Amino acid sequence: MTRTFDHLVAEAETVSVDGWDFSWLDGRATEQRPSWGYQRMLGERLARVRSVLDVQTGGGEVLAGAGPLPPLAAATESWPPNVDRATRLLHPLGAVVVADPDEPPLPFGDGAFELVCSRHPVTVWWDEIARVLAPGGTYFSQQVGPASVFELVEFFLGPQPDGVRRRRHPDDAVAEASRAGLEVVDLRSERLRTEFHDIGAVIYFLRKVVWMVPGFTVGHYRERLQELHERIEHEGPFVAHTSRFLIEARRAG
């Protein structure tokens, strides 16, 4: 039986959005994955170092799933529910989780880590990354690229100016890394198909990824949500495209 708009809204509005686990969307939304396999590649790098820092770890799920951690492992996170979640997940694996506001400076000494990693950081403080990397150390990150899921963003906010659409461009990341004294040794980018199969999936996504539609609430956007629900019911999944890039940068030895 097709669930009503009100039922879907009530369900998605009350479910927890703690952590960085999107399994609640299983069967309700799909996202094509980048071809490179970030978590697998991270695991390969973890096996070659004795120290790692995971910046903006979320709930710690990605680091925990990448494989055995080196003897020194730390992670930072700013959102209190995620700090608690990451602590419960990563402490048994030997990693310390530090509550950090995601603003410079990072709470570590110069040259502290052979590997600094981050999956989907909101911001990247390149000078701080370079500072805490040991000589010869590597920064390894998968990031959200420009105009990601903008079909959905613009459905709610309207057409965005070119300057907004270009934000988070990988070319800018390369330039910023270079200015911080790092050499980019790998850069890849892809645009990937994403489908939302019901309005509950849309609501959950916008509650969790809060920077997509800043200040999103069901109450404020209820009419647009109703319109999108009817569109999905009549036309099928709402299709958008995520933008992802992989960047690896090295500090000189």
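The values are calculated or read from the model by the stated rules, or taken from the named source; none is laboratory data. In this text the structure is predicted, and so the values were computed from the model without any measurement. FYI the Cβ positions are ideal-geometry reconstructions off the backbone, even for glycines, and counts take in every protein chain you see.
Brief remarks follow.
- Number of residues in region 184-200 that are in contact with a Lys or Arg (Cβ under 9 Å, 6 or more places away or on another chain) and more than 22 Å from Pro146 (Cα to Cα): the value is 3.
- Condition met for His229 (free of Cβ contacts under 8 Å to residues at least 12 places away in the same chain and either farther than 22 Å from Trp24 by Cα or assigned to a helix (DSSP H, G or I) (or both)): no
- The residue list Pro170, Pro161 contains one member that is exposed (fewer than 14 other Cβ atoms within 10 Å of the Cβ), modelled with pLDDT of 95 or more and not acidic (Asp, Glu), which is Pro161.
- Of residues in region 1-39 being touching a residue at least 60 places away in the same chain (Cβ under 8 Å) and among the aliphatic types (A, V, I, L, M), the one surrounded by the fewest Cβ atoms within 10 Å (Cβ to Cβ): Val15
- Selection of strands (runs of 3 or more DSSP E) fully inside region 40-114 by the criterion of at least 1 residues being touching a residue at least 60 places away in the same chain (Cβ under 8 Å) and either aliphatic (A, V, I, L, M) or closer than 21 Å to Leu246 by Cβ (or both) returns 51-54.
- Within region 137-176, being part of a strand (DSSP E or B) and out of contact with any Phe, Trp or Tyr (no Cβ under 7 Å at 6 or more places or on another chain) holds for Thr138, Tyr139, Phe140, Ser141, Val144.
- Of the set (1) loosely packed, with under 12 Cβ neighbours inside 10 Å; (2) in contact (Cβ under 8 Å) with a residue 12 or more places away in the chain; (3) more than 26 Å from the chain's Cα centre (by Cα), all apply to Trp211 but (3).
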